[in-house]
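The structure appears right after this line, and notes come after that.
The values are calculated or read from the model by the stated rules, or taken from the named source; none is laboratory data. Please read these numbers as outputs of a predicted model, since none were measured by experiment. Cβ sites come from the backbone with ideal geometry, for glycine too, and all protein chains shown count toward neighbours. Heads up: the accessible areas ignore ligands, DNA and RNA and are worked out on the full protein's heavy atoms, side chains in. Shrake-Rupley method; radii C 1.70, N 1.55, O 1.52, S 1.80 Å.
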Amino acid sequence: MQPEPLFGAPPPPPEAVAELRIAEFLQSPPGRYVLAWEQQQLNAVVADIFGYHALQLGLPEIDALRESRMKLRFCAADRLLDPAQRNGHAQVAVINRYEELPFASGSIDLVVMPHVLEFADEPHQVLREVERVLVPEGQVVITGFNPASLWGLRQLGTRLGAAAFLPRDGQFIALPRIKDWLKLLSFETHRGRFGCYVPWTRSEKWLARWSFMEKAGDRWWPVLGSVYLVTAVKRVRGMRLVGALRKRRELLRPALAPAAARSLLRTDEAASVRVLDDAPAANDGGAQAARG
């Protein structure tokens, strides 16, 4: 029996690699390793998010809303799975484009997007659509492959003619760029996490042997994980009337006017009072009349 190579079985033929898609990758040992890590992280994240309507966008191979407490949970993807592969999904809606979501504005409380942006034709438009359908203070959860990792470094070898380890049609986006896009859409990044620090290998046995690197990588090189997860909250700023309107209210406020000065004139037959407009004070005229 020949010993198993360090990095797993030999790569598939070039014609098979050229057709590798995310669905085929997730059925391989490293793909199942990624699904297991993401399922664990998503279960912990969505359990603390409350609302009424939760949407999983893409990747029906994973049940991202399994631990969600929301009443209505459904998945919208660009393909259907066999009944044996639905992984707990009660229903999966089929949509043609993630850039045009068939949902009303402000109708979703939670959107989970596992590996959607990196395989979308227009990732900016997908984020804009997610921002549109989310309610104020709604949350979005995004997962993706980290190009600054061991798996990302291995994927760069495809430019030199090496066989692809990850799907070829993916445009992997770094986490800082994702945060910049979210900030432009008035999202506030809530929390994030990296995982899958093991080297690239197609062998399930070697993935288990390298599993000790998860704890070591989480402590010593936390930003070099092959997969990341980030959560963001949609913020809607309130309006406050300032400036000219406040000054106008101050001008319209009634002001107290000084009392007019009066002088008392006495004669032998009658007495009369004369109002002095230019007198400095009302009491001065009375004092002068009393002295006269």
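Under 6 Å by Cβ, and 6 or more places apart or on different chains, what pairs join a residue from segment 214-237 that is in contact (Cβ under 8 Å) with a residue 12 or more places away in the chain and aliphatic (A, V, I, L, M) with one that is part of a helix (DSSP H, G or I) and buried (at least 21 other Cβ atoms within 10 Å of the Cβ)?
227/34; 232/182
Filter segment 51-80 for residues that are over 19 Å from residue 100 (Cα atoms) and free of Cβ contacts under 8 Å to residues at least 40 places away in the same chain and give the result. First the steps, then the outcome.
Within segment 51-80, the first condition is being over 19 Å from residue 100 (Cα atoms), and the residues that meet it are 51-52, 61-73.
Passing the criteria: 61, 63, 66, 67, 69, 71, 72, 73.
Which residue pairs have Cβ atoms under 8 Å apart, sit 6 or more places apart or on different chains, and have a first residue in segment 164-188 that is of a type in the set (Ser, Thr, Tyr) and a second that is open to solvent by 90 Å² or more (accessible area, probe 1.4 Å) and not in a helix (DSSP H, G or I)?
Taking only residues 6 or more apart or on different chains, the pairs are 186/237.
May I ask you to list the residues in segment 88-114 that are open to solvent by less than 20 Å² (accessible area, probe 1.4 Å), closer than 17 Å to residue 23 by Cα and out of contact with any strand residue (DSSP E or B) (no Cβ under 6 Å at 6 or more places or on another chain)?
Within segment 88-114, none qualify.
What are the residues in segment 218-228 that are of a type in the set (A, V, I, L, M, F, W, C) and open to solvent by 10 Å² or more (accessible area, probe 1.4 Å), if any?
Step one: filter segment 218-228 for residues of a type in the set (A, V, I, L, M, F, W, C), giving 220-221, 223-224, 227.
Listed by number, the residues that qualify are 220, 221, 223, 224.
Filter segment 44-66 down to residues that are open to solvent by less than 10 Å² (accessible area, probe 1.4 Å) and assigned to a strand (DSSP E or B), then give me how many there are.
Number satisfying all stated conditions: 4.
Among the listed residues 183, 215, 205, identify the single one that is open to solvent by 20 Å² or more (accessible area, probe 1.4 Å) and within 26 Å of the chain's Cα centre (by Cα). Spell out the reasoning first.
Working: 215 fails: within 26 Å of the chain's Cα centre (by Cα); 205 fails: within 26 Å of the chain's Cα centre (by Cα).
None of the other options fit; the residue is 183.
Only residues that are in contact (Cβ under 8 Å) with a residue 12 or more places away in the chain and over 13 Å from residue 37 (Cβ atoms): list them for segment 189-209, please.
Residues satisfying the conditions are 189, 190, 191, 192, 199, 200, 201, 202, 203, 204, 205, 206.
Using the structure shown, decide if residue 143 is free of Cβ contacts under 8 Å to residues at least 24 places away in the same chain and open to solvent by less than 40 Å² (accessible area, probe 1.4 Å). First the steps, then the outcome.
Numbers: free of Cβ contacts under 8 Å to residues at least 24 places away in the same chain: no; open to solvent by less than 40 Å² (accessible area, probe 1.4 Å): yes.
Here the answer is no, as residue 143 does not meet what is asked.
What do you reckon, is residue 175 under 29 Å from the mean Cα position of the chain (by Cα), under 19 Å from residue 121 (Cα atoms), open to solvent by less than 10 Å² (accessible area, probe 1.4 Å) and modelled with pLDDT of 90 or more?
Values: under 29 Å from the mean Cα position of the chain (by Cα): yes; under 19 Å from residue 121 (Cα atoms): yes; open to solvent by less than 10 Å² (accessible area, probe 1.4 Å): no; modelled with pLDDT of 90 or more: yes.
No, not satisfied.
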